[in-house]
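Asker: Structure incoming, see below.
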Amino acid sequence: MGTTIRLDDQSDLELMLLRTQVRAEIRRRGIADSVGSMGEQLAMEHFTRTPNLPKLQRAPRGTKNVDALSRSGDRFSIKTICEGAKTGTVYPEAGNRDKQLFEYMLIVKLTDDWELSAIHQLSWSDFLKVRSWDKRMNAWYVGYSDRVLKTATLIFKAAT
């Protein structure tokens, strides 16, 4: 990241055309361009670059509630927050809402420009303490609150 393209000189039409061209190229390359996929990518890169953190690899596509695996076999659920105040959902096992689904949850906080702001880590037991139930989605989520952040281990915080 770090490279800034000046867009303020572009007309509205030029800006919209640029957006469509970028979107088409992203699709052509098969790049996922959601907030969640960006958070996953940034978290895995941070873990790879940082000594004493496990090296993570992407979990097989379609793996329920698990986004990355460590070389030692730990499962990581990576949830990204940009503008909202709660993570995406974690779907429980049918018939056993407390069955362990992962060893760690990473809560990745992005800036409005999708730059890495912070990474917080919850163990499974910490997740059980701070999770909340979303009745509409029939799944768990974690709020991005002081209570959760005090429970989580801070893995990374950007300099301000």
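No lab work stands behind these numbers, since they all come straight from the coordinates. On a predicted model such as this, the values are computed, not experimentally measured, just so you know.
Asker: Short version: ³J(HN,Hα) in whole Hz for each residue of the range 105-119, in order, from phi by Karplus 6.51 cos²θ - 1.76 cosθ + 1.60 (θ = phi - 60°), x for Gly and Pro, what are they?
Answerer: Here the 3J(HN,Hα) series is 10, 9, 9, 9, 9, 10, 6, 4, 8, 6, 9, 5, 9, 7, 10 Hz.
Asker: Taking a cut-off of 17 Å between Cα atoms, list the lysines near Lys64, but don't count ones fewer than 8 places away on the same chain.
Answerer: Partners found: Lys79, Lys99.
Asker: Cα axis of helix 12-29 to longest principal axis of the chain: angle in degrees, 0 to 90, nearest 10?
Answerer: Helix 12-29 sits roughly 50 degrees off the main axis of the chain.
Asker: Helix-derived [θ] at 222 nm for the chain: sum -39500 (n - 2.57) over DSSP H runs of at least 4, divide by residue count, nearest 500?
Answerer: Details: 4 runs with 46 residues, N = 160.
Taken over the chain, the calculation gives -9000 deg cm²/dmol.
Asker: Further, regarding this structure: Kindly provide log₁₀ I(q)/I(0) values, in the same order as q = 0.26 Å⁻¹, from the Debye equation applied to equal alpha-carbon scatterers of the range 27-74.
Answerer: -1.06
Asker: Match the structure shown to one of the listed values (i) 9, 35, 33, 16, 6, 0; (ii) 11, 42, 39, 7, 0; (iii) 11, 35, 29, 17, 7, 1 of P(r) over Cα pairs in 10 Å bins from 0, in percent, computed from it, and give that label.
Answerer: Identified label for the calculated read-out: (i).
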